[in-house]
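Okay, so here's the structure we're looking at.
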Amino acid sequence: MNRSEKLMEPALEYCFDLRVAVDPPRRIGGSTAGEMYFTPITGGTMQGSRLNGQVLPGGGDRWVDGGDVVRLDAHYLLQIGDEIVDVVNRGYWRASATAIAVLEAGEQPPEEELYYRTAFTFQTDAPSVRWLAESQFIGYATGTPDEVRIRVFRVI
């Protein structure tokens, strides 16, 4: 590569918010990596400048609590108009000691105190939403015991 060649800087385009309704997590066993859980997805909404739709019930998030870091692996479906889109959303959750204390007190810490980031893979052949399957997306998430909220951005 020529040193005078200017490389692109990463940029993001906001696309939509997901509000994913969840049931309480269920412990499914342990491993050498940590305790494993499953959180059922019971529905939700998708709203934003690029798309609106529904999160369909029936998916879930299999996650491993490794102590300081939680590894997430969610699989679910979106309905956008007449189209169904398959979603795989993997990521990480970790919190500062201050945020953990706030959570343990039953309150929500500021978003800056949490690292709750995900990377999406969308699968669809539907022409109206095929752009979802042709780009990389990341999410900035927050949550309560009954809902995960994710702001979804396309990496430009």
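If I filter the range 34-48 for residues that are surrounded by fewer than 15 Cβ atoms within 10 Å (Cβ to Cβ) and either more than 24 Å from PRO145 (Cα to Cα) or modelled with pLDDT under 95 (or both), do I get at least one hit?
No, the range 34-48 contains no residue that is surrounded by fewer than 15 Cβ atoms within 10 Å (Cβ to Cβ) and either more than 24 Å from PRO145 (Cα to Cα) or modelled with pLDDT under 95 (or both).
So GLN108 fits all but one of (1) of a type in the set (S, T, N, Q); (2) outside any strand (DSSP E or B); (3) open to solvent by less than 30 Å² (accessible area, probe 1.4 Å); what number is the exception?
(3)
Name the residues in the range 44-60 that are within 14 Å of the chain's Cα centre (by Cα) and farther than 17 Å from VAL152 by Cβ, would you?
Hit for the range 44-60 is GLY60, nothing else.
Looking at ALA119, ALA95, ALA105, ALA74, which is the one that is among the aliphatic types (A, V, I, L, M) and more than 21 Å from MET36 (Cα to Cα)?
The match here is ALA105.
How many residues does the range 49-62 contain that are open to solvent by 60 Å² or more (accessible area, probe 1.4 Å) and assigned to a strand (DSSP E or B)?
Summing the residues that are open to solvent by 60 Å² or more (accessible area, probe 1.4 Å) and assigned to a strand (DSSP E or B) in the range 49-62 gives 2.
Please go through the range 111-123 and give me each residue that is open to solvent by less than 20 Å² (accessible area, probe 1.4 Å) and either over 14 Å from the mean Cα position of the chain (by Cα) or at pLDDT 95 or above (or both), ordered by number.
Within the range 111-123, THR118, PHE120, PHE122 meet the criteria.
Suppose we filter GLU35, GLU13 for residues that are more than 14 Å from the chain's Cα centre (by Cα), of a type outside the set (A, V, I, L, M, F, W, C), within 18 Å of ARG117 (Cβ to Cβ) and assigned to a strand (DSSP E or B); which single one remains?
One residue alone meets the criteria, GLU13.
Could you grab me the full set of residues in the range 122-156 that are among the hydrophobic types (A, V, I, L, M, F, W, C) and under 21 Å from PHE38 (Cβ atoms)?
Matches in the range 122-156: ALA141, VAL148, ILE150.
Here are some residues: VAL88, VAL155, VAL129. Which one is open to solvent by 40 Å² or more (accessible area, probe 1.4 Å), over 17 Å from ARG19 (Cβ atoms) and modelled with pLDDT of 95 or more?
None of the others qualify; the one that does is VAL155.
Please go through the range 133-142 and give me each residue that is touching a residue at least 60 places away in the same chain (Cβ under 8 Å) and either open to solvent by less than 40 Å² (accessible area, probe 1.4 Å) or among the small types (Gly, Ala, Ser) (or both), ordered by number.
PHE137, GLY139, listed by residue number.
State all residues of the range 63-85 that are touching a residue at least 24 places away in the same chain (Cβ under 8 Å), surrounded by fewer than 16 Cβ atoms within 10 Å (Cβ to Cβ) and assigned to a strand (DSSP E or B); if no residue qualifies, say none.
GLN79, ILE84
The values are calculated or read from the model by the stated rules, or taken from the named source; none is laboratory data. Note that the coordinates shown come from a computational prediction; the quantities given were computed from them, not determined experimentally. Here Cβ is always computed from backbone atoms with ideal geometry, including for glycine, and neighbour counts include all displayed protein chains. Accessible surface areas use protein heavy atoms only, side chains included; no ligands, DNA or RNA. Shrake-Rupley method; radii C 1.70, N 1.55, O 1.52, S 1.80 Å.
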